[in-house]
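As structure tokens, the structure follows; a few thoughts come after it.
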Amino acid sequence: VELVPNQNSFGHMDRWLKHAQYQHLGEMPGGGADLCPVDPACEAFLVGLYADLLPNFSSSKFNVCCDETWSLGKGRSKQAVEEKGLGRVYLDFLLEIRRLVQNHGRVMLFWGDIVMQHPEVIPELPKDVTVLEWGYEAGHPFAEHARKLADSGIPFYVVPGTSSWNSLAGRTDNAIANLSNAARNGLAYGAIGYLVTDWGDGGHWQFLPISYLGFAYGAAVSWAYEANKDVGLPAALDAHVFEDDAGVMGRLAYDLGNAYQLTGVSLHNNTLFYLLLQHAVEGPTSQGALKAMSEEGLRKTLEYLDKVMAWLPEARMRCPDAELIAKEFRLTAALMGFACHLGLARLEAGGVGTSELGIDVRLALARELERLIPEHRQLWLARNRSGGLKDSSARLENLLAILRSK
């Protein structure tokens, strides 16, 4: 087992740039989320960051990330981008980062989304870096992207995900298709690695066991794609993960992860459950993704949740954390059910936002949610460091405050 260090070095720097002593490094006024690639102070900052981080790892690899640089060219680097092009400015900074990584004797890995948006720079990538070709939807173009990288002779991994974040219970069918797609095309185009990602967007509301399905299937198809692509996943989870002699838990996890499809609302990298709970002040349901929400879909989903969870008492798990797993799945289903109740209330009120619901309706929903938040806190601390709990719980508490507001 090799623990590879991972450090954002360009985008996703908001947790640094929100502090006064680092705001001057940002692309945008006040900091933002991206470092400014034309500011020499950013390179000096990374020198110190890497000096603190890398001596703690024996791995020869180092993932510097550099993905989703959304504000690049919109702030202090605007003139440079206008003169050279966005792809060139990105590549120039990436190469500076590579030099810093080489100073530590490491091989640089980085997320490939930006170079894929600017394929003209791919031939200029050094052959001693590794591109992490990531994508999390079932139809992600792994074949097209892998072919470009293979034709350029650039080492690359294919990087699918568990589909559990932004979901509560996962997105089973999407996860399986995404993981299979990555393995099939990684094998076909000579990928040197296969990386399964599991993210914590929006307070990391999915519990660890929700991701076991994605981890297990990803391990299977990356190890032997043809032999395992059609593996009986529920039975495999029962045998190797949940150790459930009753053969219940694997199927329950699989089926609960497909509840998102019953809602009738198809979302990119998201589910309706998560959307309703995270975006409580969304306006009328005619706006955005919520316009497809229907009473029929929500009621079917509630019936489905009851049917799936009715099997939980029959499980006979022998894994050491069996009791905790059962609690985690119960709370997950309860939060999904609450999201459906919230959606129904908004529809019955004519498609209004949560804050526009009648006071009696909001208080009834508040009573349901306030029973779930303490359990969320307790279960969070059973597996996770306490540092993220405040952010995670605050998102539910904000919703509760809206429901209680006069």
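Observations on the model:
- Any pair with Cβ under 6 angstrom, 6 or more apart, that starts in the range 287-307 at a residue that is free of Cβ contacts under 8 Å to residues at least 24 places away in the same chain and ends at one that is open to solvent by less than 50 Å² (accessible area, probe 1.4 Å) and outside any helix (DSSP H, G or I): LYS291/THR285
- Flag for ASP238 being assigned to a loop (DSSP other than H, G, I, E, B), open to solvent by 10 Å² or more (accessible area, probe 1.4 Å) and not aliphatic (A, V, I, L, M): no
- Residues of the range 187-196 that turn out to be touching a strand residue (DSSP E or B) at 6+ places or on another chain (Cβ under 8 Å) and buried (at least 17 other Cβ atoms within 10 Å of the Cβ), as a count: 4
- Residue selected from the range 1-44 under the condition polar (S, T, N, Q) and in a loop (DSSP other than H, G, I, E, B), by the criterion farthest from GLY105 (Cα to Cα): GLN21
- Of residues in the range 129-175 being among the acidic types (Asp, Glu) and in contact (Cβ under 8 Å) with a residue 24 or more places away in the chain, the one surrounded by the most Cβ atoms within 10 Å (Cβ to Cβ): GLU133
- VAL265 being open to solvent by less than 20 Å² (accessible area, probe 1.4 Å) and either within 20 Å of ALA326 (Cβ to Cβ) or in contact (Cβ under 8 Å) with a residue 40 or more places away in the chain (or both): no
- Within the range 313-340, residues that are closer than 14 Å to PHE242 by Cβ reach partners that are in a helix (DSSP H, G or I) and open to solvent by 40 Å² or more (accessible area, probe 1.4 Å) with beta carbons closer than 6 Å, at six or more positions or on different chains, in the pairs LEU324/ALA382.
- Taking (1) outside any loop (DSSP other than H, G, I, E, B); (2) over 28 Å from the mean Cα position of the chain (by Cα); (3) loosely packed, with under 15 Cβ neighbours inside 10 Å in turn, GLY350 satisfies each apart from (1).
- Filter pass, GLU368 being of a type in the set (D, E, K, R) and within 20 Å of TYR274 (Cβ to Cβ): yes
- Considering the range 206-233, the residues that are in contact with a helix residue (DSSP H, G or I) (Cβ under 8 Å, 6 or more places away or on another chain) and farther than 23 Å from ARG251 by Cβ include one that is most open to solvent (accessible area, probe 1.4 Å), namely SER222.
- Here LEU381 passes the criteria (1) in a helix (DSSP H, G or I); (2) open to solvent by less than 70 Å² (accessible area, probe 1.4 Å); (3) among the hydrophobic types (A, V, I, L, M, F, W, C) except the one numbered (2).
- Test set (1) part of a helix (DSSP H, G or I); (2) over 22 Å from the mean Cα position of the chain (by Cα) - ASP173 fails condition number: (2)
- Top-ranked residue in the range 69-99 [being more than 18 Å from GLU120 (Cα to Cα) and of a type in the set (D, E, K, R); ranked as most open to solvent (accessible area, probe 1.4 Å)]: LYS74
The values are calculated or read from the model by the stated rules, or taken from the named source; none is laboratory data. Note that the structure is a prediction, hence the values are computed from the model and not measured. No Cβ is skipped: glycine too gets one built from the backbone with ideal geometry, and neighbour counts run over all protein chains shown. To get the accessible areas, we keep the full protein, side chains included, count just its heavy atoms, and leave off ligands, DNA and RNA. Shrake-Rupley method; radii C 1.70, N 1.55, O 1.52, S 1.80 Å.
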